[in-house]
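The structure appears below as structure tokens.
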Amino acid sequence: MTLFELFVPRGTLGGEQSRRLGERLVTEVVSAEGAPAAVIERGLALTQVVVHEPDAWIVGGRPVDPTEAPRYVVRVTVPGGHLSDGMRAELVARITRAIAEVDEDPQRLYHEPSAWVHIVEIPDGSIGVFGQVMRTAEIIKMTVTGERVVKGSPLAAEVAPDTAADPICGMTVALTDGAITLEHEGTTYAFCNAGCRDIFAAQHRAATLG
């Protein structure tokens, strides 16, 4: 899964320009010479573009004037753990090239700091779809082979042994010696963090006082 977020000052681009740039970002990055058409198609299906036009854009302590030369920030979020320095450099080059194609002065972007690319690599195991966590290798496999990895419905899963559900946020907590717990009316509750424990304590203290 790849997510492109394009930030431009409000009024910089028209609707058609935004759509064209969004599509260009996808095709420039996802396309790979020699890759099977089916793989490219699946890669496109797992790629999303969101265009943001914030009301406030401050650079150098003053608001950006949309009538001046446009500024761009592209944040691309990808599964982490497999990008090399060369791949990151290629990603920045391709994204900048896609932006330059819609700018009135393409060469400006190679001489002025007006087009920033931020690559955000999500740690392995921190992306979810189908209601479950997807590892980077599983996402790549789904893109290359089309095979959807399903590990069973988490909604139907029971709480695993030696774990408990945090009564505040619902997270599964391992009942280790270091677990954060609180006893209330003869029942011991476990929490994923001290914040959830404090909320639980405050809620039940208020109920008791009430």
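In table form, for the structure just shown:
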item: Angle in degrees between helix 85-100 and the longest Cα principal axis of the chain, rounded to the nearest 10; result: 60
item: Against the rule of thumb 2.2 N^0.38 Å, how large the Cα Rg of region 2-145 comes out; result: 1.12
item: Charge dipole (the chain, unit charges on Cβ, about Cα centre) - positive-most of THR136, THR27, VAL59; result: THR27
item: Furthest towards positive pole of dipole, GLY178, ALA202, ALA165, structure part the chain, Cβ charges; result: ALA165
item: Alpha carbon convex hull of region 163-209, volume per residue in cubic angstrom; result: 63
item: Protection proxy ranking, peptides 172-180, 38-46, 57-65, average beta carbon neighbours within 10 Å, highest first; result: 38-46, 172-180, 57-65
item: Cα long-axis angle, helix 136-145 against the chain (0 to 90 degrees, to the nearest 10); result: 60
item: Per-residue [θ]222 nm for the chain (sum of -39500 (n - 2.57) over DSSP H runs n ≥ 4, rounded to 500); result: -10000 deg cm²/dmol
item: Between helix 194-209 and the chain: long-axis angle, C-alpha atoms, 0 to 90°, nearest 10; result: 50
item: Sorted peptide list for 182-192, 92-102, criterion being average Cβ within 10 angstrom, highest first; result: 92-102, 182-192
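Only the coordinates and a few stated rules stand behind these numbers; no lab work does. Keep in mind it's a predicted model, so treat the numbers as computed, not measured. Cβ coordinates were reconstructed from backbone atoms using ideal geometry, including for glycine residues, and neighbour counts include every protein chain displayed.
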